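In what follows, a single structure is set out as structure tokens and then discussed.
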Amino acid sequence: MPRAIDPEILLTHGDFVRRLARQLITDESLADDVAQETWIAAMGKRPRSASSVREWLSAIARNAARMIQRGEGRRRLREEIGARPERLPSTADVVEREALRREVVDAVLGLDEPYRTTLLLRFFEDEP
């Protein structure tokens with residue numbers, strides 16, 4: 001079983017991996033996650049040849065970016081499915097409802113007695 005790559009060799013490519021991660025994923029915190037996942041995966045493996053370390057790290061970083069983006073997509077979908085819809089009416093609905101309420105109040109106030117008092121006590125004051 002081949003030994004893992006020397007950590008000192010990996011450290012010489014630190015800036016490269018960080019730049020590549022930021023190119024692959026625009027979200028800075030997720031790009032940091034890609035870089036970290038790249039280092040974790042690289043610590044347990046060894047490239048085929050010492051001359052292809054950057055290509056090897058690039059392949060690991062691209063794979064890490066795909067996995068993180070896939071996970072983020074799944075997380076967003078779970079959140080959308082679990083999200084409760086807003087229960088607030090739109091401004092237009094509120095304006096329409098209040099205009100209708102005003103028409104009803106004006107109509108009730110325009111009634112003759114005893115109808116006006118009866119409706120006001122029953123429906124506006126909750127009297128029996």
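In terms of overall dimensions, the C-alpha atoms belonging to segment 21-65 reach 32, 18, 12 Å along their principal axes, ordered largest to smallest.
Loop-located GluC sites (Glu not before Pro) across segment 62-128 with a Cβ neighbour count of 14 or fewer within 10 Å are Glu86, Glu125, with loop assigned by DSSP. The trypsin sites (Lys or Arg not before Pro) found in segment 1-108 that occupy coil by DSSP, while having at most 13 further C-beta atoms within 10 Å, are Arg3, Lys45, Arg48, Arg87. Taking 0.36 nm per residue of separation and subtracting the current Cα-Cα distance, fully stretching the chain between Glu55 and Ser29 would add 7.0 nm.
When the Cα convex hull of segment 18-128 is projected onto planes of every orientation, the mean area is 12.6 nm². Here the accessible area of the chain is 54 percent carbon and sulfur, with a 1.4 angstrom probe and all protein chains present. Computed with a 1.4 Å probe over protein heavy atoms only, the accessible surface of the chain comes to 81 Å² per residue. Selection among Leu77, Leu121, Leu111 by position relative to the dipole of segment 77-128 gives Leu77 as farthest towards the positive end (Cβ unit charges, Cα centre). The helix-only estimate of mean residue ellipticity at 222 nm for the chain, built from DSSP H runs of length n ≥ 4 each weighted as -39500 (n - 2.57), is -22000 deg cm²/dmol after division by the residue total.
In the assembled protein chains, Asp15 presents an accessible area of approximately 90 Å² (probe radius 1.4 Å).
The values are calculated or read from the model by the stated rules, or taken from the named source; none is laboratory data. Quick caveat, the model's predicted, so the values are computed rather than measured. Positions of Cβ are generated from backbone atoms using ideal geometry, with glycine treated the same way; all protein chains shown enter the neighbour counts. Areas reflect the complete protein model, heavy atoms only, side chains present, ligands, DNA and RNA absent. Shrake-Rupley method; radii C 1.70, N 1.55, O 1.52, S 1.80 Å.
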